[in-house]
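Novice: Can you keep this structure in mind? I'll have questions shortly.
The values are calculated or read from the model by the stated rules, or taken from the named source; none is laboratory data. Not measured: the values here are computed from a predicted model. Don't worry about glycine lacking a Cβ; one is built from the backbone with ideal geometry, like all the others, and counts go over all protein chains shown.
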Amino acid sequence: MASNYTTGIGPMAYPLKMVSQEVVEHMLGWNIPEEHQGMVHEHWRNFPAVNKYWHYCLALIYTMLMVTSVTGNGIVIWIFSTSKSLRSPSNMFVVNLAFFDLMMMMEMPLLIINSFFQRMVGFQLGCDVYAILGSLSGIGGAITNAVIAFDRYKTISCPLDGRINKVQASLLIAFTWFWAMPFTVLPALRVWGKFVPEGFLTTCSFDYFTDDQDTKVFVAAIFAWSYAIPMSLICFFYSQLFSAVRHHERMLSDQAKKMNVKSLAANKDDAGKSVEIRIAKVAFTIFFLFVCGWTPYAIVAMTGAFGDRSLLTPVATMIPAVCCKIVSCIDPWVYAINHPRYRAELQKRLPWMGVREADPDAVSNTTSVATAAQSQQADA
C-alpha cells in the first residue's frame, strides 16, 4: 500500500482538477504531496478518502458554529466589558472564558478552507497554527472553568471576606494563560510531542499514535493536565459550594422558626428561584458541558495511545472535535444568561432578542421591604 503514495496514486500522478469523482478509490492522504507525506500517520492510510460532500457538510457545520460563537461570545465580552454594573472581579473570569472560546473559533476559517481543499492547507505550518489555537483555547477554557468554580465557592461560602478582588482576579486570569502554555508550546517546538493531522486530515491535534514510550508519557501527561486536574477541581469546588448553600439554607430556616415567620426571604415558595436550585442548575450545566465537550476527546487520545486503535476511524475522531466547538459556542452563556444584571443589559441594549428581565435593583429593594415587613409582623 505504501508504494501507492510514491508511484501509482497521488497528486504527482493525477492533478487535483483531474481527480476521479470516485474519491473512495483513493486512500486518506492521497492528495498530499510526497514531500509532506510524513505528516500523515500510517493508521490513516488504512481508510478510504472521505467523500468531498462530507467535507462540504463539515464546512457548513463549522460555518454555523463560527457565526454562533462570534455572535454569542462577542456580545458577552461587549456587555460585560462596557457595563459599569458588570465590571466585577467574578465577571472578569466570564470575559476570559469568552476570549478563550473566541480563540477556538479562529480555527474555523482554517478548517473551512481545508475542507474545500480536502487536506491541510499550509501543510505542517498550517497544522501547527490550527493545533496551537485549539490547544491554547481548549486547555485555557478548561482551567478557567475551574477558576470560576473556585470563585463562586469563595463568594457564596464566605460572602463577607471571601470575595476575590480585581488584583487577585487578574492574577488568576494570568494563571489560566500560563497553565495553557506548556502543552501548547512544547509540541509546537517539537520539544515534547508534536502536532499532526487527524480524522479527515483537515484538522490537527497532538500526536497520540506514534508507538513509543515518549508519546505515551506525553499523552498521559496532557490528559492529566488539561482534563483530569480541571475536572477534579470543578467537582471539588462545586461539591463544597453545595455544602455551603445547604448549610446557609438550614440556618435561614432555623432563624425563621425562631422568629415565627414562614421564611426570611420573599417568594420562598417559588422553588425555581430558590438560591440552592439556581446554583444547582448552573453548576450541573457547567459540569455537563465540560464532560460532553472534552470527555470524547480524552477517550480518543487515550485509546490512540493505550487502547485498540482500530476503533479510531476518521469519523470517530472528528466527532470529539465538533463537540468541543459546540461547547465553546454556548459555554459563556451558561454563566451569563443566569446573571440578572446581564439579562437586564441585554434587554436594554438588544431589545430585539426578546429578553425580559426586571431591574435587579428594583427587585432587591422590593425583597428587602417584604422581608422587613415580615419581621415587623413577627415582632408584633
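Novice: Which of the residues that make up region 305-349 are among the charged types (D, E, K, R) and within 30 Å of Phe47 (Cβ to Cβ)?
Specialist: As a first pass, look at region 305-349 and keep what is among the charged types (D, E, K, R): 308-309, 325, 331, 341, 343, 345, 348-349.
Once the filter is applied, which keeps residues that are among the charged types (D, E, K, R) and within 30 Å of Phe47 (Cβ to Cβ), region 305-349 yields Asp308, Arg309, Lys325.
Novice: Condition first: part of a helix (DSSP H, G or I), over 23 Å from Ile234 (Cα atoms) and either among the small types (Gly, Ala, Ser) or at pLDDT below 80 (or both). Now tell me which residues in region 303-340 satisfy that.
Specialist: Gly304, Ala305, Ser310, Ala316, Pro340
Novice: List pairs: first residue in region 36-51 and over 20 Å from Gln124 (Cα atoms), second residue buried (at least 20 other Cβ atoms within 10 Å of the Cβ) and not acidic (Asp, Glu) anywhere in the structure, Cβ distance under 6 angstrom, at least six positions apart or on different chains.
Specialist: Once the first residue is over 20 Å from Gln124 (Cα atoms) and sits in region 36-51, its partners that are buried (at least 20 other Cβ atoms within 10 Å of the Cβ) and not acidic (Asp, Glu) give Phe47/Leu28; Val50/Phe200.
Novice: Starting from region 187-199, take each residue that is free of Cβ contacts under 8 Å to residues at least 60 places away in the same chain and more than 15 Å from Met39 (Cβ to Cβ) and list its partners that are of a type in the set (A, V, I, L, M) and in a helix (DSSP H, G or I), counting only C-beta distances under 7 angstrom and pairs at least six apart or across chains.
Specialist: From region 187-199, the pairs are Trp192/Leu186.
Novice: Conditions: (1) under 27 Å from Arg309 (Cβ atoms); (2) in the same structural domain as Thr210 (by TED's automatic domain parsing); (3) surrounded by fewer than 19 Cβ atoms within 10 Å (Cβ to Cβ). Leu58 meets all but one. Number of the miss?
Specialist: The failed condition is (3).
Novice: Look through region 80-108, keep the residues that are over 26 Å from Phe178 (Cα atoms) and in contact (Cβ under 8 Å) with a residue 40 or more places away in the chain, and return whichever of them is surrounded by the most Cβ atoms within 10 Å (Cβ to Cβ).
Specialist: Applying the filter and picking the extreme gives Ser83.
Residues checked against (1) under 24 Å from Phe236 (Cα atoms); (2) in a loop (DSSP other than H, G, I, E, B); (3) modelled with pLDDT of 90 or more:
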residue	(1), (2), (3)
Leu252	no, no, no
Lys257	no, no, no
Ser263	no, yes, no
Ala266	no, yes, no
Asp269	no, yes, no
Gly272	no, no, no
Val282	yes, no, no
Val291	yes, no, no
Ala301	no, no, yes
